[in-house]
Structures are given as C-alpha cells and as structure tokens.
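Remarks on the structure that follows.
Where a number appears in this text, it was derived from the coordinates with a stated rule and is not lab data. Please read these numbers as outputs of a predicted model, since none were measured by experiment. As a convention, Cβ positions derive from the backbone with ideal geometry for all residues, glycine included, and neighbour counts pool all protein chains shown.
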Amino acid sequence: MQPTLQGSPARPAILAIALAASALLSYQAARVWLADHRIHSTHLETIERGAALEPLNADAWDLLGRHRQLDFANADPQQALADYQRAVQDDPLSATLWMNLAGAYEASGDLVDAQRAFDRARDAYPLSAEVSWNYGNFLLRQDQAAAAYAEMRHAVQSDPRLARLAVSRVWRASHDVNVVLDQVLPTGVDPYMQALDFFASIHQIDAALSVWRRLVSLGQPVPLPRTFPFLDELIQEDRSADAERVWIEALDAARIPRDEPANHSLVCDGRFSRDFDDGGLGWRWQSNAHIGVVMSFDGVPASFGVRSARLQFNGGTNLGLSQPAQYIAVEPSHPYHFHAYIRTEEISTESGIRFSISDPNHDRALDLESENLTGSHPWTAVELDFVSPPTTHFLLLGLLRTPSRLFDNKLNGTVWIADIALTSPPDQGSSSR
C-alpha cells in the first residue's frame with residue numbers, strides 16, 4: 001500500500017519550507033538585480049551602495065575604482081587604489097583586474113608595484129595580447145626598451161592586428177627600423193606589409209625600403225595590390241630608381257610573368273598581354289570614374305603585339321578622359337622617343353582623342369600631346385621625340401580627351417590603342433623594366 005501525505009501534518013510543513021525557499025530565492029534575485037543596477041550607475045554614491053550589497057563582487061570594486069580614478073572633478077586616487085586592491089583580492093585570477101591595478105599604481109607614482117601587478121596579470125593570462133601590449137607600453141615608458149619590445153612582439157604574435165600600432169610606437173621611441181624588424185615584428189608577409197604601409201604613410205621611404213627588402217627575402221607570394229600604396233609614395237617622392245626596382249620585385253612576388261620587350265621599352269606591358277594592374281607602374285583604369293565609356297581588349301594586326309585596348313563611347317556625356325594611364329620611371333635630362341598606334345571610328349565633336357605625356361610631380365615641367373584625332377582613322381602611328389627636363393624622374397602617359405565647349409558636345413565613337421613604347425636612342429644607353 002502506497003504511503004500518502006493526504007491529511008498528514010507533514011504537508012503544511014513541506015509547503016511552508018517551499019514558500020520560504022521561494023521567498024529566499026526571490027529576495028536573493030532582487031538583491032542581485034538591485035546590486036547590478038546600482039553598480040552600473042553613473043553616480044559614485046549609487047555604485048558604492050551596489051558594491052555594499054555584493055561585497056565579494058570583484059567587478060563592482062573595479063568599476064568603483066575606475067569611477068574614482070576617472071572623475072576629473074573629484075578624483076580620489078588613493079581610494080581608487082584601495083578599490084582596485086579589493087577587486088584583485090576577490091578575483092586574483094583576472095588579468096584585467098591586475099592591469100587596472102597596475103595602471104592605478106603607475107598613476108600614483110608607485111612603479112615597482114605597478115610592474116609587479118603587470119607581472120601578476122601576465123601570470124593570470126600568459127597568452128593575452130592585451131596584457132602583453134599594455135605591459136610593453138608600460139615598460140617602454142620606463143625606458144626598459146628590450147623588455148618592452150619583447151612584450152610587444154608577443155602581443156603582435158597573439159593579435160596580428162596590432163602590428164602597425166606596434167611599429168608606430170617603437171619607431172617613435174627608437175627611430176630605428178632595424179629595432180622594429182629584429183625585436184618587435186614577427187617574421188611574415190602581413191606584419192611586414194603593415195610596417196610598409198605605416199612607413200609609406202609617414203613618408204619614411206628609406207625605412208620602408210628596409211622593410212621591403214625583408215619582405216622580398218621571404219620568397220613568399222605577395223598580392224600585387226598590397227604594394228600599390230608603397231609604390232605610390234615612391235612615385236610622389238620622385239624615387240624613380242627605387243620604384244623601378246620595387247616594381248620588378250613586386251611583379252615577381254605576385255608571380256606575374258613579365259616579358260622583356262625587344263626594344264627595351266620603359267612602358268610596362270605596352271602590348272596589353274594582361275589585364276590592367278590598376279596601380280604601381282602598370283596601366284591604370286578607373287571604370288567608376290568614366291561614365292559613358294566601356295573599356296575592353298580587342299585583336300590587333302600581328303605586328304602590333306598581343307592585343308589593343310578598346311574604348312567605346314556611348315554618346316551620353318561630354319567626357320573628360322585621362323586614362324588608360326601609366327607612370328613611367330625615367331632619367332632627368334635624357335632623350336626619349338615615344339611610339340604608339342591609334343585607330344578611331346566616328347569620334348564625335350571637335351575635341352577628340354590623343355596621347356598626353358607630362359611630369360606628374362612638377363607643374364608645367366613637361367606637357368606633350370599628340371595630334372587630336374576625330375572622326376575615323378585607320379591604324380596610325382604616333383611618334384614624339386623629347387628630352388626629359390632636369391627635374392623629371394617620372395612621366396605620366398595617358399590617353400587624353402578634354403571636354404568640348406560646344407553645344408553638341410557628347411562624345412561618341414570608338415578608339416583603339418596598341419603597341420605603346422617609350423625608348424632611349426641607342427647611343428644614349430637604355431633602361432629596362
């Protein structure tokens with residue numbers, strides 16, 4: 001026979017216990033909610049009341065310490081330090097709490113205890129990039145360079161996104177690119193590329209070249225577009241010899257085949273054997289900037305090379321055109337011969353199509369244009385002879401069309417260009433790409 005509680009005196013007792021337990025749990029839940037609500041207040045007194053409700057809540061004491069430390073109007077650094085100390089007592093395994101305590105020690109001038117706190121943070125979370133980064137910066141502020149660089153290197157290894165910031169900090173402290181490369185950056189394409197971008201952005205070309213040499217020595221593939229900011233900086237700084245060498249190495253690193261033209265032309269891929277590189281010393285074409293024209297490639301007579309570049313205008317806009325274009329590294333005060341073929345079909349308006357050669361870095365140093373072609377023309381050779389000015393280290397070669405000033409000014413028709421070359425006369429020597 002099964003026992004039953006019906007009518008038993010135990011039933012009211014069990015019910016009373018359940019109600020008491022429920023009330024206790026409700027009270028504890030309300031207490032936790034109230035403490036959390038107060039702890040995350042913006043008022044110091046409210047945070048203090050929240051911490052009092054949860055005296056073993058390390059995060060509460062940490063938050064209270066930060067509030068006291070960062071209250072610029074009524075800062076209380078000593079009490080903030082006490083709050084941080086209370087936090088690590090309640091949770092000694094939290095690296096974040098130890099770092100906050102270290103910061104409070106440093107702010108109060110107690111550098112010995114600050115370093116000890118950072119050591120405890122590192123012991124609590126040895127793999128943390130955040131701990132290594134903050135510890136490294138602390139050591140750098142204390143002129144402990146070697147130890148600082150070791151911590152920063154560990155931080156970058158744990159979080160590669162810190163590479164550029166690490167390069168910036170160490171460069172500012174040492175102004176020695178070898179320190180950056182030997183002691184801070186881990187070996188690899190991505191950290192080296194971040195360093196390269198940083199040095200290019202602050203116009204430190206020689207430091208950037210040192211990074212580039214390390215990068216090339218790895219023998220690993222490098223996507224060509226990642227080198228474009230560095231090459232653009234070399235162009236802007238008139239470093240033609242460096243740009244020419246880096247461009248060759250960048251093509252090799254990107255595993256892009258390059259053919260040496262028989263005439264030693266300085267134009268990169270003047271016979272359009274591959275699609276446009278859109279940067280560096282290759283052909284550039286910004287399709288987004290040219291509304292009303294479609295660029296493609298087409299066949300050419302066999303003697304003209306591999307392909308032609310074909311531009312078809314739809315007659316919808318009064319188009320200003322300066323591309324396809326290419327930067328070319330040259331020597332100052334040097335004779336050059338430009339050669340190309342061009343074909344047009346029903347090019348409208350009096351402002352037609354022509355080639356332009358200029359110095360991109362020195363206004364009015366050089367400004368050459370070939371014959372303006374409108375209407376229809378069969379394949380026509382374009383020849384220009386000139387001597388580069390004494391200040392010229394780069395040429396900008398482009399296909400040019402200036403907007404028409406006539407009422408009926410919409411550009412229509414098609415143009416082809418092919419077999420483009422820039423060479424030095426034989427008795428002046430030659431430069432090759």
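How far, in nm, would the chain grow between residue 175 and residue 274 when pulled straight, counting 0.36 nm per residue and subtracting the alpha carbon separation?
Details: separation 99, 0.36 × 99 = 35.64 nm, distance 4.10 nm.
Contour length minus the Cα-Cα distance gives 31.5 nm.
From the square roots a ≥ b ≥ c of the eigenvalues of the alpha-carbon gyration tensor of the range 106-167, which class results: rounded (a/c under 1.5), prolate (a/b over b/c), or oblate?
Because a/c hits 1.5 or more and a/b fails to exceed b/c, the range 106-167 counts as oblate.
In whole Hz, what ³J(HN,Hα) sequence does the range 181-194 give by Karplus (6.51, -1.76, 1.60; θ = phi - 60°), x for Gly and Pro?
Calculated HN-Hα couplings, in order: 6, 8, 10, 10, 7, x, 5, x, 5, 5, x, 5, 5, 5 Hz.
What ³J(HN,Hα) values, in whole Hz, does the Karplus curve 6.51 cos²θ - 1.76 cosθ + 1.60 give for the range 81-92 when θ = phi - 60°, with x put for Gly and Pro?
4, 4, 5, 4, 5, 5, 5, 6, 5, 6, 9, x
So how strong a dipole does the range 287-428 carry about its Cα centre when Lys and Arg Cβ are +1 and Asp and Glu Cβ are -1, to the nearest 20 debye? Please report the intermediate quantities before stating the final value.
Numbers: 8 positive and 15 negative charges, 96 e Å.
That gives the range 287-428 a dipole magnitude of about 460 debye.
Tell me, rounded to the nearest percent, the portion of alpha carbon pairs in the range 192-293 spaced more than 16 Å apart. Please list the in-between numbers first.
Details: 3008 of 5151 pairs.
Tail fraction, whole percent: 58.
How far apart, in nm, are the 7 Å Cα→Cβ label points at residue 263 and residue 379?
1.3 nm
So how strong a dipole does the range 258-349 carry about its Cα centre when Lys and Arg Cβ are +1 and Asp and Glu Cβ are -1, to the nearest 20 debye? Write down the numbers at each step before the final one.
Numbers: 7 positive and 10 negative charges, 17 e Å.
So the magnitude is around 80 debye.
Which far-off residues, 5 or more places away or on another chain, put their amide H under 5 Å from the one on residue 366, with H placed in the peptide plane?
359
What net charge is computed for the residues neighbouring residue 115, neighbours being all others with C-beta under 15 Å from the C-beta of residue 115, Lys and Arg scored +1, Asp and Glu -1?
Around residue 115, the surrounding residues sum to -3.
How would you order 405-411, 84-90, 214-220, 195-201 from highest to lowest mean count of nearby Cβ atoms within 10 Å?
Numbers: 405-411: 13.0, 84-90: 20.3, 214-220: 15.0, 195-201: 22.6.
Highest to lowest by the protection proxy: 195-201, 84-90, 214-220, 405-411.
Hey, rough spin-label estimate for residue 249 and residue 361, points 7 angstrom out along Cα→Cβ, what's it come to in nanometres?
Placing both labels 7 Å beyond Cα along the Cβ direction yields 1.8 nm.
Classify the range 347-433: rounded, prolate or oblate, from the alpha-carbon gyration tensor (a ≥ b ≥ c, eigenvalue square roots; a/c under 1.5 rounded; otherwise prolate if a/b is larger than b/c)? All intermediate terms of the calculation are to be shown ahead of the outcome.
Numbers: a/c = 3.10, a/b = 1.69, b/c = 1.84.
Oblate, since a/c reaches 1.5 and b/c is not below a/b.
In terms of modelled amide H atoms, which long-range or inter-chain residues lie less than 5 Å from the amide H of residue 394?
Residues meeting the amide H criterion: 330.
Report the calculated FRET efficiency for residue 141 and residue 213 (r = Cβ-Cβ distance, R0 = 25 Å), to the nearest 0.05.
Details: r = 31 Å, r/R0 = 1.25.
Using R0 = 25 Å, I get an efficiency of 0.20.
Can you classify the range 54-208 as rounded, prolate or oblate using the Cα gyration tensor, where a ≥ b ≥ c are the square roots of its eigenvalues, rounded means a/c under 1.5, and otherwise it's prolate if a/b beats b/c and oblate if not?
Here the range 54-208 falls in the prolate category.
Along the charge dipole of the range 331-433, pointing to its positive end and built from +1/-1 on Cβ of Lys, Arg, Asp and Glu, which listed residue (423, 384, 362) has its Cα farthest out?
Of the options given, the answer is 362.
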